[in-house]
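What follows is a set of notes on a single structure, which appears directly below.
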Amino acid sequence: MTSPTPTTLPTSQGRAGSSFHHIRRGQGKPLLLIHGLGSSWQTWAPVLAGLEAQREVIAVDLPGFGHTPPLPGEVSIATLADALTDFLRRENLLGIDAVGTSMGARLVLELARRGGVLGAVVSLDPGGFWQGWERGFFYSTVAASIRLIRALQPAMPALTASPVGRSALFAQFSSHPWALAPELTLTEMRSFAASPSTDELLRNLAFGEEQRGIPRGRLEHPLVIGWGRWDRVCLPVQASRAQELFPDARLQWFDHSGHFPHWDMPAQTLRLILDTTA
């Protein structure tokens, strides 16, 4: 099947002056893609073509990231979930299947918990399941990475063009960062540096609201939680806690992946998404 010519749609205006920049490509059953902290819709590049061949993909820039303006007031999982629900309602997309990564993975879990918003869900290495020292580890290591990324912006094209540079920049996020595409890594580094909501949301993720789950027998649609065995951001020990809060979810391990399975194991991630949301 040939995918139609890619299109980027105008931003969708929301309540309180918010708007969502998003792309809508492909054909078939709609599928929502939600990026992680500091990122944009372009993080899905390694699996985008495969998804577009079978699904109508709606990939968003969350408020305060990519080309979407920040929300007024507090930036948290709760306020992002409210804004995204409004967007889906305006676009007549309530009940859409969804995939999230990292912070976006926690966001799709929150929307699944609320009920009536999403269909089938794939949550890839979600945050929010740390305990004790893990909170400080998550916050301090990611905050340090963000400070370094901002300081190195003038040198970023050269760094991301080099396997050695990519290895240094993405060692915490990928199991084989040297193999990542230079274009993908440069886009990610630019987005991290430019996103106005990154710092506030990072603090909220680490020290703010607790993730709540869905009691056994209450899950409305298929839910798969994927986890990279080499994740150095959301440590693999946290996967069992996620499954305790979402006991009807299926846990899928990615044996050769870090924090982003759609980067490190794109073929397996693509198959998991398509099978779960079929």
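For the stretch 166-188, name all the residues that are out of contact with any Pro (no Cβ under 9 Å at 6 or more places or on another chain) and either under 19 Å from THR68 (Cα atoms) or not charged (D, E, K, R) (or both).
To start, the set of residues in the stretch 166-188 that are out of contact with any Pro (no Cβ under 9 Å at 6 or more places or on another chain) comprises 172-176, 183, 187-188.
Hits for the stretch 166-188 are GLN172, PHE173, SER174, SER175, HIS176, THR187, GLU188.
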Would a scan of the stretch 109-116 turn up a residue that is among the aliphatic types (A, V, I, L, M), surrounded by fewer than 18 Cβ atoms within 10 Å (Cβ to Cβ) and at pLDDT 95 or above? no
Candidates GLY213, GLY136, filtered to the one that is assigned to a helix (DSSP H, G or I) and in contact (Cβ under 8 Å) with a residue 40 or more places away in the chain: GLY136
Please state which one of GLN252, GLN268 is outside any loop (DSSP other than H, G, I, E, B) and either under 23 Å from GLN131 (Cα atoms) or β-branched (Val, Ile, Thr) (or both). GLN252
Search result, residues across the stretch 242-278 that are touching a Lys or Arg at 6+ places or on another chain (Cβ under 9 Å) and either surrounded by 20 or more Cβ atoms within 10 Å (Cβ to Cβ) or under 18 Å from VAL57 (Cα atoms) (or both): PHE246, PHE254, SER257, GLY258, HIS259, ILE273, LEU274, THR276, THR277, ALA278
Given (1) modelled with pLDDT of 95 or more; (2) touching a strand residue (DSSP E or B) at 6+ places or on another chain (Cβ under 7 Å), SER19 misses just (1)
Every residue in the stretch 72-91 that is in contact with an Asp or Glu (Cβ under 9 Å, 6 or more places away or on another chain) and part of a loop (DSSP other than H, G, I, E, B), please. GLU74, VAL75, SER76
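A quick yes/no check of all residues on (1) in contact with a Lys or Arg (Cβ under 6 Å, 6 or more places away or on another chain); (2) of a type outside the set (Val, Ile, Thr); (3) closer than 26 Å to ILE214 by Cβ:
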residue	(1), (2), (3)
ILE96	no, no, yes
ALA112	no, yes, yes
SER123	no, yes, yes
ALA144	no, yes, no
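The values are calculated or read from the model by the stated rules, or taken from the named source; none is laboratory data. Predicted model, so just to flag it, every value in this text is computed and none were measured. Cβ atoms come from the backbone with ideal geometry, glycine included; neighbour counts cover every protein chain shown.
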